[in-house]
Amino acid sequence: MRLGLVKTVGFLTVCGIVAGASGVSAKAEGLNSGVSVAMSSYMNLSEVAAKAVTEAATTAAGQTEDTTICGYTNLGIAQVESNLNVRTAADENSELVGKMQNDAGCEILGQEGDWYQIQSGKVTGYVKAEYLLTGDAARAHAQEVMKTIATVTAEGLHLRADMSTESEVLALMPTGEELVVLEDNGSEWIKVDLDGEQGYAHRDYVELSTQLPKAQTMTEIKAGEGYSDVRVACVSYATQFVGNPYVWGGTSLTNGADCSGFTMSVMAKYGVYLPHSSRAQANCGTRVSASEAQPGDLFFYGSGKGINHVAIYIGNGQIVHASSPSTGIKISNAFYRSPVCVTRVLGN
């Protein structure tokens, strides 16, 4: 009703001006000509009014869309050197429920003093406000760090070495697995990242979206009960580096490591010294089946070219690994790719 009133008032106001001009014209050219001009002006104004309403609606819709970034309407982005603790309450002594890596996004639900209540992935809790970008700063930073993600929608997606169903299968990806998009040229094939190597996914079997990293729940980064102290300690140690960078040839858990450099450096803390090669590490320790895996065991992955990736099993069907330059050190489903083998290098 308010919009209709504004349109009517606007029309009458402008129409009054046009009628005055038409009156002058009618005196010079006759009454019929004046009426014709007035009617023509009426039609033009109706078209202008309709266009204005359409543009206003489009602008409003655009403004609504622009305020939502990567699915967040009140965006916060973690800015930390390693990880930002998410707690059950606005208190540093409260229990940890998750961790946000640097540049992870969240929905800000509220504020208590110098704490924000946030929701990110499966995690809801409180973080210190000083470590969160918000407002315009967060929206601007999101444009710099968000990535296009291809989420697998098929029961099992063959990730190919080239843009052809006849090319080599690099991996069989399960439903729900998320792959960082390296290139999308609009063809039926999308180039994606596979642990630092490139592969191709068919567009029909993935769903594309722009995303920021999400928080990890503490249940995703705990070995669980019933395991030896050394295995629990190993998992706790390894997962504290989630969010740190991947660096080819690197062995630094803080400044950057590749997959075998990560496992080598973690295991060295517990007296296990491994070579800096995933293929060579697969020959260390004792082979076990994936169904018998315990936290601290090593999972190895590869393609037709042999083993090319290694990760540490952390329990609950999860691994922690230095994945790629695009994703850094992260937690994944242990069966995001079919493991070639599993080895046990830690004592029980």
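The values are calculated or read from the model by the stated rules, or taken from the named source; none is laboratory data. All of these numbers come straight from a predicted model, not from anything done at the bench. FYI the Cβ positions are ideal-geometry reconstructions off the backbone, even for glycines, and counts take in every protein chain you see. Each accessible area value is taken on the protein alone, full model and side chains, heavy atoms only, with ligands, DNA and RNA left out. Shrake-Rupley method; radii C 1.70, N 1.55, O 1.52, S 1.80 Å.
Radius of gyration over Kirkwood radius for region 190-348, both on Cα atoms: the Rg/Rh ratio is 0.95. Restricting the trypsin sites (Lys or Arg not before Pro) of region 276-305 to loop positions (DSSP other than H, G, I, E, B) with no more than 15 neighbouring Cβ atoms within 10 Å leaves LYS305. Average accessible surface for region 65-169: 51 Å² per residue, computed with a 1.4 Å probe over protein heavy atoms with every protein chain in place. Rounded to the nearest 0.05, the FRET efficiency derived from the C-beta distance between ASN255 and THR153 at R0 = 45 Å is 0.75. THR217 exposes around 20 Å² of accessible area when a 1.4 Å probe is run over every protein chain in place. Each peptide in 176-185, 290-299 was scored by the mean count of other Cβ atoms within 10 Å over its residues; highest first, the order is 290-299, 176-185.
How big is the Rg/Rh ratio for region 279-348, C-alpha atoms only, Rh by Kirkwood, two decimals? Numbers along the way, then the final one.
Details: Rg = 11.3 Å, Rh = 12.1 Å.
That ratio equals 0.94.
The amide H of TRP115, built 1.01 Å from its N in the peptide plane, has ALA129 as neighbours under 5 Å, considering only residues 5 or more places off or on other chains.
Only sites in a loop by DSSP and with at most 15 other Cβ atoms within 10 Å count here; which trypsin sites (Lys or Arg not before Pro) in region 75-142 make the cut?
Details: sites: ARG87, LYS99, LYS122, LYS128, ARG139; in loops: LYS122.
When the trypsin sites (Lys or Arg not before Pro) of region 75-142 are filtered for loop state and at most 15 Cβ neighbours within 10 Å, LYS122 remain.
Which net charge results for the neighbourhood of LYS128, defined as the other residues with beta-carbon distances under 15 angstrom from its beta-carbon, given Lys and Arg at +1 and Asp and Glu at -1?
It works out to a net charge of -4.
Out of the chymotrypsin sites (Phe, Trp or Tyr not before Pro) in region 66-131, which ones are loop residues according to DSSP with at most 14 other C-beta atoms within 10 Å? Write out the running numbers ahead of the final one.
Numbers: sites: TYR72, TRP115, TYR116, TYR126, TYR131; in loops: none.
Here no chymotrypsin sites (Phe, Trp or Tyr not before Pro) fit, given the DSSP loop and packing criteria.
Measuring from centroid to centroid over Cα atoms, what is the spacing of region 81-134 and region 231-270 in Å? The two parts, judged by their Cα centres, are 24 Å apart. Taking every Cα-Cα distance in region 67-224 and sorting them into 10 Å bins from zero, the calculated P(r) comes out as 11, 34, 27, 20, 7, 1 percent.
Calculate the FRET efficiency for ALA280 and ASP114 from the Cβ-Cβ distance with a Förster distance of 41 Å, rounded to the nearest 0.05. After rounding to 0.05, the efficiency reads 0.25. For region 74-133, the pair-distance distribution built from all alpha carbon pairs, in bins 5 Å wide starting at 0, is 4, 24, 37, 27, 8, 0 percent.
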